[in-house]
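Working notes for the structure below.
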Amino acid sequence: MGEVSILLVDDDEALATVTAELLEREDERFTVETVPSATDGLQAMDRSLPDCVVSDFEMPETDGLEFLQAVRERHPQLPFIMFTGRGSEEIASDAISTGATDYLQKQSGAEQYELLANRISNAVTQYQSRKQLEETTAEYAAVFENTRNGLLLVDVEQDGFRFRRCNSRVLEFTGLVESELIGKTPVEALGEKNSRKIAGAYRKCVATRETIEYTLTLDHPVGEVIHEVSATPIISDGEVEQLVVAFTDITERHNREQELLEERAVIQQALDALEDPLFVLSADGHIEHCNERAGELTGHTGQAAEGLPITDLFPEAEREAITDAVHRSLDCGRATVTAALLTDGGHRRTYEFSGRSLTDLDGNTAGVVMISQRTSDD
């Protein structure tokens, strides 16, 4: 807690001055402003809201309770301490029921100011802690609701799991309404088949006490949905009490990836149907891909060929020409070179290699494709 501003309302200006001086002496964080009436107090609060209000009870025109009511209408949670020379259980009860944070009767001696300072400090600390918690909760709720991912808060019960809270993205992904999900167990909300998959993942999260990530395909009212999921345990007093489950609907992405895989498979079949070798090279001349014929001839197939310098497949005397052809393809867009490819059996086969530069989606040069044509029977 940093500096604490206090508004002291008391029609006895001499006593108010003494009280302010002694409070500031009791706690160096305190800064006390004094005003002689409730009306002046409300005006002072409009100018600058204090951290705590300390008010007398008996004041002309507007007494302490009426002042408290006016403050509570504007600031329901602001610390307000009734500090009055008139004391009775009835006044104390009225003050507390009206919303006073605390009640303290004026006494003789300096000890009362030490007690008042402690009451102020405690009230302000609790107020600021509560305010910070409310702000944090509000921020958390805003993040929870506005994130692009689906978020679920799941209670861990003795015999299973129960959905406690969700954001709107969950309802979009699943096609459910909130009443069909919140307060329900996985089997109640999603059915026996889906709940087995979910409960298994949740149990693993509880057992490991660590965040787990997995992909899950579920049958929802909107159809089959593929989720990319992470489940994180919330541990309190050594026990996993809740899980925060975040998931993204990757159905569209998954379907597109499947389409691309199918397209690549077709393209690969077409390339493998070529009778002559073909190589796809990175910008630094290393093999990124080759067709089936290239693998058969050189003995370097699939992953065994990936990352291999293309020059390794040619006699040492011809490697400079191959390197030059790759550079000219990158710089000029195309190049042609005739060279002998070393076969797996140690023989040489002469081809005319046509290099063509390849570009990425941004139009930047990304590599070279080397297409060959047999020129002799050697």
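The values are calculated or read from the model by the stated rules, or taken from the named source; none is laboratory data. What you are looking at is a predicted structure, and each value in this text was computed from that prediction instead of being measured. Here Cβ is always computed from backbone atoms with ideal geometry, including for glycine, and neighbour counts include all displayed protein chains. Surface accessibility is based on the protein's heavy atoms, side chains included, excluding ligands, DNA and RNA. Shrake-Rupley method; radii C 1.70, N 1.55, O 1.52, S 1.80 Å.
Only one of (1) closer than 12 Å to SER354 by Cα; (2) of a type in the set (Gly, Ala, Ser); (3) loosely packed, with under 15 Cβ neighbours inside 10 Å is not met by GLY299, so which one is it?
(1)
Just to be sure before I move on: is LEU176 within 19 Å of the chain's Cα centre (by Cα) and not in a helix (DSSP H, G or I) in the structure I sent? Outline the logic, then answer.
Working: within 19 Å of the chain's Cα centre (by Cα): no; not in a helix (DSSP H, G or I): yes.
No.
Answer yes or no: is there a residue in region 33-41 that is closer than 13 Å to LEU116 by Cβ and open to solvent by less than 40 Å² (accessible area, probe 1.4 Å). Spell out how you get there, then give the answer.
Looking only at region 33-41, we keep the residues that are closer than 13 Å to LEU116 by Cβ, and these are none.
No; the residues of region 33-41 include none that is closer than 13 Å to LEU116 by Cβ and open to solvent by less than 40 Å² (accessible area, probe 1.4 Å).
Assess whether ALA246 counts as being touching a residue at least 60 places away in the same chain (Cβ under 8 Å) and either open to solvent by 30 Å² or more (accessible area, probe 1.4 Å) or of a type in the set (Gly, Ala, Ser) (or both). Steps first, answer last, please.
Values: touching a residue at least 60 places away in the same chain (Cβ under 8 Å): yes; either open to solvent by 30 Å² or more (accessible area, probe 1.4 Å) or of a type in the set (Gly, Ala, Ser) (or both): yes.
Judged against the criteria, ALA246 is a match.
For region 207-222, which positions are crowded, with 16+ Cβ neighbours inside 10 Å and either part of a helix (DSSP H, G or I) or modelled with pLDDT of 85 or more (or both)?
ILE212
Looking for something surrounded by fewer than 14 Cβ atoms within 10 Å (Cβ to Cβ) and closer than 13 Å to ALA123 by Cβ - is there at least one such residue anywhere in region 69-81?
Within region 69-81 (the criterion being surrounded by fewer than 14 Cβ atoms within 10 Å (Cβ to Cβ) and closer than 13 Å to ALA123 by Cβ), the answer is yes, since at least one residue qualifies.
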